[in-house]
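Peer 1: Structure in structure tokens, see below.
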Amino acid sequence: MRVLLLAGLGALLCAYYWDDKFDPASLQGARVLLTGASAGVGEELAYHYARLGSHLVLTAQREALLQKVVGNCRKLGAPKVFYIAADMASPEVPEHVVQFALDKLVRGSGAGGGASSGPGDGASRTSSGLTGISGPGGLDYLVLNHVGAAPAGSWARRAHATRWLMQVNFLSYVQLTSLALPSLTDSKGSLVVVSSLLGRVPTSFSSPYSAAKFALDGFFSSLRRELDVQDVNVAITVCILGLQDRASATERFRGITRARAALGPKAALAVIRGSATRASRVFYPWRFHLLCLLRGWLPQPPAWFIRQELNSTATAAA
């Protein structure tokens, strides 16, 4: 019976993913604020948006890498590209980033390049109760992709590490959303949250990171319902991705997990397709969808199963 059920679920998922209504032309001229754009899937997202003719504001912590990505986006045909170096561990930074994006993409100040910005000079309240900065027109896409990563291991459970991770991986997402939501509402735009399988299926030795990702899933799932009830036409797409093929992620989990890294360009394209069609969720690789559906059957996997994915000796020593 379970074999038949698995086969049926697989067939439904295949039919779902083959029903592709993605129109690349819909992204031409779109105004996009993308975080975590200096490496990995964020960098690939920037390149895809550039090829499709979107106007971009890119942000990340490492300015040198960000400048390289900006230059590549211009070569790929992006009509406008701006950048702002920002560290999301600081609670004051999200307001500066959203203000900068609205100034460059919505209010039309500046012709290109990068800068820093000051605090917002205006605020409004949407029907959802989230306070934000408003402007004429609005952003079309807010793509939240930045991530703060701590090395895997038992030491990462310490309170200060958890506090830092929650600020970068969860609270800054909430701040950016609340500030940009009025502008997204004006344009009937889309909010894209790049998350992780660890926000749906917990694993060992990643407690703070997994906690932040579970918080993202709960917050944005609830917000999606609130906006729907209040007839606010802003789509929320939560993207469940695997371990990305950026050097930092691969090095961080080297010797600890046997999971393979996902391909950045393909994962980024899956994110763009899903958000452009206003899908509620994106899974890449697609088998993660099946894994999440089956989680209820095995909520507490036995230790022997976990050991197949983890090198527990290396983890304990980390």
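Peer 1: Would you check if Gly42 is in contact with a Leu (Cβ under 8 Å, 6 or more places away or on another chain) and part of a helix (DSSP H, G or I)? Steps first, please.
Peer 2: Numbers: in contact with a Leu (Cβ under 8 Å, 6 or more places away or on another chain): yes; part of a helix (DSSP H, G or I): yes.
Against the criterion (in contact with a Leu (Cβ under 8 Å, 6 or more places away or on another chain) and part of a helix (DSSP H, G or I)), Gly42 qualifies.
Peer 1: Within the range 148-234, considering only helices (runs of 4 or more DSSP H) that don't extend past its boundaries, which have at least 3 residues that are modelled with pLDDT under 95?
Peer 2: Helices (runs of 4 or more DSSP H) meeting the threshold: 159-166, 207-229.
The values are calculated or read from the model by the stated rules, or taken from the named source; none is laboratory data. A quick note: this is a predicted structure, and the numbers were derived from the prediction, not measured. With ideal geometry, Cβ positions are generated from the backbone for all residues, glycine too; neighbour counts draw on all protein chains shown.
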